[in-house]
1. Can you run down the residue pairs with Cβ atoms below 7 Å, 6 or more apart or on separate chains, where the first is in the stretch 488-513 and closer than 30 Å to His60 by Cα and free of Cβ contacts under 8 Å to residues at least 12 places away in the same chain and the partner is polar (S, T, N, Q) and buried (at least 17 other Cβ atoms within 10 Å of the Cβ)?
2. Within the stretch 267-301, which residues are within 16 Å of the ligand (Cβ to nearest atom), under 19 Å from Thr358 (Cα atoms) and touching a strand residue (DSSP E or B) at 6+ places or on another chain (Cβ under 7 Å)?
3. Output the helices (runs of 4 or more DSSP H) that fall wholly within the stretch 2-54 and possess 2 or more residues being polar (S, T, N, Q) and touching a Gly at 6+ places or on another chain (Cβ under 8 Å), or say none.
4. Would you confirm whether any residue within the stretch 356-376 is charged (D, E, K, R), away from the ligand (no atom under 16 Å from the Cβ), farther than 25 Å from Gln70 by Cβ and open to solvent by less than 40 Å² (accessible area, probe 1.4 Å)?
5. Which is modelled with pLDDT of 95 or more, outside any loop (DSSP other than H, G, I, E, B) and more than 20 Å from Ala28 (Cα to Cα), of Ala465, Ala499, Ala493?
6. Only one of (1) surrounded by 15 or more Cβ atoms within 10 Å (Cβ to Cβ); (2) more than 16 Å from the ligand (Cβ to nearest atom); (3) at pLDDT 95 or above; (4) of a type outside the set (Lys, Arg) is not met by Gln70, so which one is it?
7. So which residues in the stretch 165-195 are more than 15 Å from the ligand (Cβ to nearest atom), at pLDDT 90 or above and surrounded by fewer than 22 Cβ atoms within 10 Å (Cβ to Cβ), if there are any at all?
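The values are calculated or read from the model by the stated rules, or taken from the named source; none is laboratory data. Since the structure is predicted, the reported quantities are computational estimates derived from the model, not experimental observations. Because the Cβ atoms are built from the backbone with ideal geometry, glycine has one as well, and the counts that use them run over all protein chains shown. Accessible surface is based on the protein model in full, side chains and every heavy atom, while ligands, DNA and RNA are left aside. Shrake-Rupley method; radii C 1.70, N 1.55, O 1.52, S 1.80 Å.
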Amino acid sequence: MNKLAQLDHQFVWHPFTQMRDWLKRDPAVIVAGKGAVLHDIRGREYLDANSSIWTNLHGHNHPKINAAIQRQLKKVAHSSALGLANEPASLLAEKLVKLANAKAVGRVSSRAGSSAASPHLLNKIFFSDDGSTALEVALKLAYEFTRRTRSAGSLPASHRRIEPRFLSLEGAYHGDTVGAVSLGHIDLFHKSYSGLLFKTDKVMSPYCYRCPFNRAKPERADAREYRKCNWECAGLVEKKFATQGRKGNPYAAFVFEPLIQGAAGMIPQPRGWLRRVTEIARRHDALLIADEVMTGFGRTGVAALVKARNDVVMGPRLHKRGDGTVLFACHHESVQPDFLCLAKGLTGGYLPMAATLTTQKVFDAFLGEYGEFKTFFHGHSYTANQLGAAAALASLEILQGKPSICARQNLEKNLHDELQTLWSLPNVGDIRRVGLIAGVELVRDCRTREPFDLRERAGIRVCEAMARRGVLTRPIGNVIVLMPPYCTTPVQARKMVRAVFDSIREVFGRRSL
Ligand SMILES: *Cc1c(COP(=O)(O)O)cnc(C)c1O
């Protein structure tokens, strides 16, 4: 075993990893990367088919991001945001505000600070380090905002000391810090910490493929396209809000991953679901917290989603307008949240940095004389780090350029076409794709949707077989994830899907329909 691999085995504890299994294997030691390719110390090449756990956008070793970091490095790497402003963070904040309001509030004046024009205009940014901290900030702000604004007079005295409650989706994952974990509902991650967590409620998420309300027999298509239901899932959201409202303590906030839930197993929402449920939440006076840690920065496609069977809209309209700035999943459904949480792709996958965007209204609730102690007492040492902000600015510039928009459109089409080949495999139950995010759900039998027991490690075995073919990704249970960097070429996209195909046949036998 290589010296570095030995040191890893001796000292490093890996995230979300059964270390006993880890220690049985000789790990790949990554030493370089270029575009969609990673190189290990033994000279092997791999395609980075999940963009280094959903972070990388434009590929590794991108000359523009490299240069931006180097330019910043010659000035200063980091100075504290406690008491000081800095150049790239100020510029980044301005740019993010512009993009975060780009589509959904088109009708509304976007003059900074004019909260009267739209109560949901996002114009304040709190920087932090990771997706978890971005959510933690949103959570704490929403909690305190609700306590302050709801207890201020309108409620009877007996309700003054309200305990703001949050509603999130089944299977939700919002990070691993204690607040973020409280918002999540994946038992495997959360059960052992239940004593530490505060109580949040969950509501059904639209998992069409396994939805008890979906009366459709399985077909060889994305379950959203052939589902037969009456939007019972949205009805349950309405019911949940109504019930909580009757208790005299309406939900403070509704927390969701827009368009597709990632760690839940790549669960995509049927068109119109997000719009419906956020309207319900708004009617019940809840704040909207959008977790776009995975979906942000163009991941969900340049323009529209899969509309109906065989109707993939690639968005040439946007492209012609030279626009391409639908960078956030919310905007695909014209939803404007009160909190927008960003991380993973913010720096193009280069450096840990996160942002929580919010409204003037929330900001104002924390203003006061010093001695009133209305300050938001929260912060991290590396808040608004210069190197991260410089990388993020460069990444946004690339994203908005025509070459990147074209590349994303082409990759989306290639990915869509290549994925169709997998339908011939009886162990593929559902293939779901939103933009440049795809999940392939493995089943024992596609005619019955019978799942594999998690202990069979079906997803892990397929991903191990893919790695032997030079394609890296990680499964979520029985779901194989493909989330390629935007620079992925047609040949590379084909190789990624081909690796899924061949690996499934290797693991489960060479059966086909
Ligand atoms: C990854 C992820 C997080 C957590 O982000 P970290 O940077 O890992 O803390 C939160 N929400 C979503 C939707 C994510 O995909």
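1. none
2. Listed by number, the residues that qualify are Leu288, Ile289, Ala290, Asp291, Glu292, Val293, Thr295, Gly296.
3. Per the criteria, 51-54.
4. no
5. Ala493
6. Unmet for Gln70, out of (1) surrounded by 15 or more Cβ atoms within 10 Å (Cβ to Cβ); (2) more than 16 Å from the ligand (Cβ to nearest atom); (3) at pLDDT 95 or above; (4) of a type outside the set (Lys, Arg): (1).
7. Once the filter is applied, which keeps residues that are more than 15 Å from the ligand (Cβ to nearest atom), at pLDDT 90 or above and surrounded by fewer than 22 Cβ atoms within 10 Å (Cβ to Cβ), the stretch 165-195 yields only Arg165.
Conditions (1) within 27 Å of Ile437 (Cα to Cα); (2) of a type outside the set (A, V, I, L, M, F, W, C); (3) part of a helix (DSSP H, G or I), marked per residue:
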site: Phe198; (1), (2), (3): no, no, no
site: Glu225; (1), (2), (3): yes, yes, yes
site: Ala242; (1), (2), (3): no, no, yes
site: Gly245; (1), (2), (3): no, yes, yes
site: Asn249; (1), (2), (3): no, yes, no
site: Phe254; (1), (2), (3): yes, no, no
